[in-house]
Each structure stands twice: as C-alpha cells, then as structure tokens.
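Here is the structure we will look at, set down as structure tokens.
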Amino acid sequence: MDELKYNFLNIAKIVKGKIISNPLQIDINEIFIDSRNVGNISSSLFIAIDGKNHNGHNYINDLFEKGIKNFIISNESFDISKYTDANFILVNNSINALQLLATFKRKQFTYPIVGITGSNGKTIVKEWLFQLLNQEKKVVRSPKSFNSQVGVPLSIWQMSADNDFGIFEAGISEPDEMDNLQHIINPTIGIFTNIGQAHDENFIHFHQKIGEKLKLFTKVEVLIYCTDYYDIRERVITTEILKNIKLFTWARKGNADVIVKSIQKNNKCSTIILEWDKNSDDFTIPFTDEASIENAMHCWMLMKYIGYDSKVIRERMLGLQSVAMRLELKEGINNCSVINDSYNSDLNSLGIAIDFLNQQKQHPNRTLILSDILQSGKGEDDLYEEVASLIANKGITKLIGIGKAISRQKNKFNIEKYFYSSTNDFIDEFSSSMFFNETILLKGARIFEFEQISNLIQQKAHETVLEINLNAIVHNLNFYKSLIKPTTKIMAMVKAFSYGSGSYEIANILQYQRVDYLSVAYADEGAELRKAGITVPIMVMNPDEQSFDTILQYNLEPEIYSHRIFDLLINTINRKHKKIDKTVLIHLKLDTGMHRLGFEEIDLLDICNKINCHKEIIKVQSVFTHLASADDKNDDVFTKHQISLFEKMSGIILDELQYTFMRHALNSAGIVRFPGAHFDMVRLGIGLYGVSSEVQNELMNVSTLKTIISQIKILQSSETIGYNRKGLLNKESKIATINIGYADGLNRKLGNGVGKVLVNGQLAPFIGSICMDMCMIDITGINAEEGDDVIIFGKEIPVSTIAEQIGTIHYEVFTSLSRRIKRIYYSE
C-alpha cells in the first residue's frame, strides 16, 4: 500500500497543519530534520524542529539555496515572503507533526511488527533478530539506536510494501513519552529486555518507570520477557495489561513458559539448555558474557513464537555476529582517513555512514567501498537505482563496488568507479597507490569480510590506542549549551591537539555541530585546520612575529595582548597591504588579575587610539579576559572582582571605539558557576572533553586509553621486576607486560604500585618502574590472557584519578599523550 502519494495537500491534512504558501504539487518521498543530511532534493520535506540546542528554522534559508522546497514550520513569525516557489505548512508543534506523519504511514501496513524496549540490549536484540530472520523475511528495522521521540518516527517512515516484517526499538527518559511511541510503532509482538537504573531521576519511583515502558505493549498479541526480573513481573501482574495480551516468558529460576536449565561455557561459546512444554531444547552462541546470553534468549523466544524449527534456530544462533555499535574513524595510508563500518550493509545504515563521512572535511575526495547489499527487500534494479541516487546526492566522488550484484549494476553510477566480483579480487589487485589524500568509507555485509581491506588501508601503529567518543563530545557540548542563552556564542578550545584528543577530527565534529568559534594556541595549528577544510572562525591565542603571515594567509584572528604584538601585526599588514582586501579581525586580551598576558586598565586609551588610527584595516571582534580561579569557590571574591573589572574595562573600550564587539570571560568551570557573566560568548575547554569538578555527573567520558597484554609470566616469591629491581614479589604472582610506556605519555610516577589499570573489570597495580615502551602489572587472581585489553584510563578509571595519583592536573595527563598513540574516533 506504499503507492499512496504523500503530496503536500495530503501531508497538511495528516499533520493537522495550515498551508501558508501556494502549494506546488510535489510528491514527498523523504523527510528529514537535520539540515546537514540532505537526501533527494526534489522529493524531500524538511521539518524544522525548535529544539533545546538547535532551532531548525535557522537553517531554512541554507536549505532553500541548496534546492529544498518543502518545509514544515512551527514559528508563526517566520518570514516566508522571499521563498516564493517553496511549500510551507505551519503547525503548532513540529515534533508532533513528525509523529503524526509516521503514525499515518504505519497504519498503511499490516505485516508483523516487533516492538522492543528495556534498559539495555534493545539494539543488540533488534540487530540479532535481523541477522536471524533476514534469509526469509524482508525486514525493516530502526537504524542504529533510533528509539527516541524523533528517532522512532524517522524509523517508521522507512516502512514500505517491499517489507513483510518490522523490528523497532523504543526508549524513554521521562513519563508519558511511551504513549506517543506506542501509537507510532503499534507493535504486534513485544519484547521487554530488562530493567535498570537509567533515567531513574526522571521518575517518581522504579515501578513508575516500568509501568511507563509497559505502555508500548498495550495492544500487542504477545509479550516476551524474563520473569527473573521480579519488578517487571510484579508490574505486569498488577496492571490490567494481561486482560488483553498473552505472555511468553522465560527464566533461569522460578516459573516461566521456558526454563533455562543450565549454561555451559567453553571455547568462547555458550550452550544454553532449555526446557519448554515438557521438552528439552538447546542452542549455542559464540559469546560467553551474560548480556549476550540474555539477548540471545529473547531472540530464541521470538523465533519460537513465530514458528521457527529448533534445528534452524540452532544453525543461525551459532552464526550470530557481534553488532558494531559505532562508526570508527582511523588514520589511513597515504594521508587518508578510514571510516570502518564493515559489519553490515543496508540502505538505512549506508545513509547514516555517508552522513558521518560528509562531516569529515580534511580531504577533498570521498571514496565509498561498498559490497552487495543483501536482503534489502527490493529488486536488484530498484535497489541500486536508489543506491546510485543516494551516492550522487551525498557527494561521493569515487565508488569501489565489490560483489556480483553491484557489478552488474555499474552503469547506474555516474562517478569515478571500479568494480570487483569479490573481496579477494580487490585484494589481488590492491596497490597502495590507489588511495591518496581522501576519506574512505568501508561499508560491507559481513560475508564480504571487509576487515581484510581495512587492514590494508589503515596506517599501521602499535597496539596502544586512544579511543575518542564523538557522541560524548556532542553530548558535553549540548550540556553546556543548555546552561547558556540561545544568543550566547560558544568558542571551543582545540589548542594542544584538542587536549590530546586530535586536531581536525575534533574540529570537524565541532564545525558540524555549528560552534561559533574555535581557539588554537599557535597559528600553525589554525593553518592545519584550514587546510583540513575547517571554515569556522579561529582565534589564535599566542601569535608571534613569525606567525602573522600565516594568520593573514589563512584568515585567522589573532589575540592581541600587548602594544608590541599589535605593532607587529600592523607592520605585517602594511607589508602585505596589496594582498589584503578585507578588515583583519582581532581579539583584545585584558589582564584583570591573572597577570599572564593582556592589557591593563592603564593601557586602554593608548591601544584604542592605535586601533582607531587603523580602523580601515583593523576591527576588534571580541574583548576578553581570563579568570584565575573560576573553579575554586574559595576565590570567588577575587573572581567576582575580575568580572567587575572586565565589565569596566570593556566599557571603556566600547566608548573609545564606538562600535560593538563580543565580550567573553568564562571557561568551562565559569560557565557553570557564574551564569551572570556569560556575556556574548563563553570559552568551552576541558568540560567539552568530559572533565569537570562542578558537573562531572552530567558529562560523558570522551577518551579511553587502552593497550593490550603482550606477555604473561608466573614468577616466584622474592623475584624482582623491571629496571633497578624496583618490583619485589613477596608471593608467587602472575605478571603481565603491557604495551605502553613513558614514551607514550604514561607518567613514570605511576610505577611501583602508585597507579592501577583495569583488566577484564578488575584493578591491577603497576609493579616495578615504567619503562620507555612498556611496563608491568600484577594480575594475580585475575582471569586474563595474552592479547586481552587493558584500560589505562576511561569511564571506569577517570583521568582525575590518575592526576591525583601523580600530583598533577588532568590537563597534563591528556596533553602528555604521545602522537605515536593511534587515535580512533568513533560515533555510536
């Protein structure tokens, strides 16, 4: 029934909106809410959502210039007069309009829909069910973790007559949210995975949260869940939900339809022995962790309920693959960047991966290595017609297709292209000269084993890595945005290699998130960002005589903190005046008590006079100061004195220059502690990277430093470990050598039991001295093998803990990390 045409008149009725333009008769095939992810321009509808951190109405003009002509808006005062050939629908609430549109589309289809909720495991269960069912069924499912109030309707919009089975997850963080999602998904089968503590703070009590989640299942024919979760079982019984639906339950203990009699673990596999309807059954999965066993049981229950034979279930369970929950960005050969998403290949995830690719601006060309897309539910011609259209609209410059199906369809692609029948054929012809200065996206179905290609095109490095969670960067940025007014700008600090996290990789995501300014320490840092495609305004904090040529060449904006630096800038401008066709923007630094750099009050009239004498070539973009103790409540009197002095001094400059400029004084701690001093802009530094003494619980961990165990030895009592025999054993011990040392930035003070690392969930102390390239840890009593991961710092071992152990600050721990450590950037 997907032949239903979603033209503008139909959509206005569906969303209960008012057409406020002269509607053009255009059929809508795609909807989107993120102005950065534009699909098929002619048939796309942009829904402008006025959110907590972004207002979609602000981007309508940019979209219109790109060719988008269809909009849903909720701002009555938005001026549509200059968009004469565009369609506009006015609604009271844009999110509600999105949900109404998805609800309407859901009603057009009658095939089975599985709805999944719970505190953990939703995405894994959904993806495993797709792996288990897609040989016979044409499954439509939520992309990644699209389970929110906007993610669910965007997922449902994918439904079509080409599918015959749907799997959608739903997540909530507040009361009353699930009512909306139930109407949108309207599942016929329910899976409640489990219940935990997430978002407890938003509910009156634990049982309320369970009751809210159960609302997803009020109209299902059956609910699958584990009765070992007593609170879920009790809530199911006390609600009236049982009057209308059946239960299909499992448990390890107690009463249930299916009982797990035993679990046998060996050779990295688990065999689950079951009793069901007085019969025994079993299956094996290639995982041993408890979460995987629980997730697999939910999948087994669903397969049994819809009629799969035990033999088929056994075969497919044994072939379950890990679910890639993230896109990884790594350094590649020949100055390339590699995005590894080589675990699945379908249209939905392809679009998401290409959007992530397009965030990367460091290379001029974008290459997609794509395998055959399997089990799409579409005919081959239609499928690759859609793939070709997607690739063209998203700006891919080169395609490498691998597989017989995509090779048969090569004429559909009108870009630079190469095709191979198999991964082995590509590898046989591979040469490193095939790639240079480009961003490469690997997108392949598992059967094509693209990890072999990934190994060929990644830059080789030793096994110590710093993993940077780009989602956490965005979360932390949005948290600080929530503390300031929408009109207050944000300058993000990316100096010192973004506090050790990387340069253009971090700048790319910040630019994508539309920060207003970036700040670097030196001009060459800013120049590298410009070369990598960063167009956001960049302030240079430490300009010197040699750097002004670079500053002018790359349109950077220097901090001016002294008469000498100002005079050097003027001299450079005069020397290059014929090449400069616009005003140079500067940022005046005021010293209000830090006494490091900056103009004092006595200097203001002189510097303002100089600026006014050169107003045809110089303009003050901002005036700012640096607080000495914004994070120390014991110094609040002094901090308030600094803020007061800054207001006075910046007022003098305003009077002298007779034009407005931005003012900013606050760092991460100041943003939280002094909301009255946000001024026109704030400078977000260490808080962006997940560290704060004020609001640590609100931030996500960004960086995880990890290595591996290189070797394990059993040593006897009285043996010594390492240089100068500093590590002395008093009992038989299991000692592991790990692949990190002080040349990587691991502080030597952590040695000899001062610091600890995490090995398979347990703390292990350093023993002996830290060596240049490796060190030793005591893993006595810990179940570990050579090759296992070792966490130096991360969520479980905060950087602040390491800083305390060695008597320094977290800034030093971050910025001491060597460039030779491989950085891996990922987006979940």
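Quick look at the numbers
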read-out: Criterion violated by residue 436 - all others in (1) part of a helix (DSSP H, G or I); (2) open to solvent by 20 Å² or more (accessible area, probe 1.4 Å) satisfied; value: (1)
read-out: Positions within the stretch 38-56 being within 22 Å of residue 6 (Cβ to Cβ) and open to solvent by less than 40 Å² (accessible area, probe 1.4 Å), in sequence order; value: 38, 39, 43, 44, 45, 46, 47, 48, 49, 56
read-out: Residues of the stretch 378-402 that turn out to be within 20 Å of residue 42 (Cβ to Cβ), open to solvent by 10 Å² or more (accessible area, probe 1.4 Å) and over 27 Å from the mean Cα position of the chain (by Cα), as a count; value: 2
read-out: Among the candidates 152, 114, residue that is crowded, with 18+ Cβ neighbours inside 10 Å and over 24 Å from the mean Cα position of the chain (by Cα); value: 114
read-out: Whichever residue in the stretch 68-106 is more than 14 Å from residue 28 (Cα to Cα), surrounded by fewer than 20 Cβ atoms within 10 Å (Cβ to Cβ) and among the small types (Gly, Ala, Ser) and, among such residues, is nearest to the chain's Cα centre (by Cα); value: 77
read-out: Subset of the stretch 155-197 [hydrophobic (A, V, I, L, M, F, W, C), assigned to a helix (DSSP H, G or I) and within 25 Å of residue 347 (Cα to Cα)]; value: 156, 181, 184, 185
read-out: Residue ID - nearest to the chain's Cα centre (by Cα), chosen from residues in the stretch 472-505 that are modelled with pLDDT under 90 and part of a helix (DSSP H, G or I); value: 505
read-out: Flag if residue 292 is closer than 26 Å to residue 448 by Cα, among the small types (Gly, Ala, Ser) and open to solvent by 10 Å² or more (accessible area, probe 1.4 Å); value: yes
read-out: Matching residues, the stretch 155-174, being open to solvent by 40 Å² or more (accessible area, probe 1.4 Å) and over 13 Å from residue 114 (Cβ atoms); value: 158, 161, 162, 174
read-out: Count - residues of the stretch 514-541 that are part of a helix (DSSP H, G or I) and surrounded by fewer than 23 Cβ atoms within 10 Å (Cβ to Cβ); value: 5
read-out: Yes/no for residue 384 being out of contact with any Lys or Arg (no Cβ under 8 Å at 6 or more places or on another chain) and of a type outside the set (Lys, Arg); value: no
read-out: Selection count where residues are in a loop (DSSP other than H, G, I, E, B), over 13 Å from residue 321 (Cβ atoms) and either in contact with a Pro (Cβ under 8 Å, 6 or more places away or on another chain) or open to solvent by 60 Å² or more (accessible area, probe 1.4 Å) (or both), scope the stretch 444-461; value: 2
read-out: All helices (runs of 4 or more DSSP H) inside the stretch 1-113 with 2 or more residues being closer than 23 Å to residue 394 by Cβ and without any contact (Cβ under 8 Å) to a residue 60 or more places away in the chain; value: 60-66
read-out: Top-ranked residue in the stretch 717-752 [being part of a loop (DSSP other than H, G, I, E, B) and open to solvent by less than 40 Å² (accessible area, probe 1.4 Å); ranked as farthest from residue 786 (Cα to Cα)]; value: 745
read-out: Only listed residue being closer than 26 Å to residue 207 by Cα, touching a residue at least 12 places away in the same chain (Cβ under 8 Å), touching a His at 6+ places or on another chain (Cβ under 7 Å) and of a type in the set (Asp, Glu), chosen from 257, 231; value: 231
read-out: From the options 327, 274, 347, residue that is at pLDDT below 90 and touching an Asp or Glu at 6+ places or on another chain (Cβ under 6 Å); value: 327
read-out: Yes/no for residue 708 being farther than 18 Å from residue 626 by Cβ, touching a residue at least 40 places away in the same chain (Cβ under 8 Å) and surrounded by 17 or more Cβ atoms within 10 Å (Cβ to Cβ); value: yes
read-out: Matching residues, the stretch 625-665, being within 19 Å of residue 605 (Cβ to Cβ) and hydrophobic (A, V, I, L, M, F, W, C); value: 645, 646, 649, 652, 653, 654, 657, 661
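The values are calculated or read from the model by the stated rules, or taken from the named source; none is laboratory data. This is a predicted model, so every value here is computed, not measured. No Cβ is skipped: glycine too gets one built from the backbone with ideal geometry, and neighbour counts run over all protein chains shown. Accessible surface areas use protein heavy atoms only, side chains included; no ligands, DNA or RNA. Shrake-Rupley method; radii C 1.70, N 1.55, O 1.52, S 1.80 Å.
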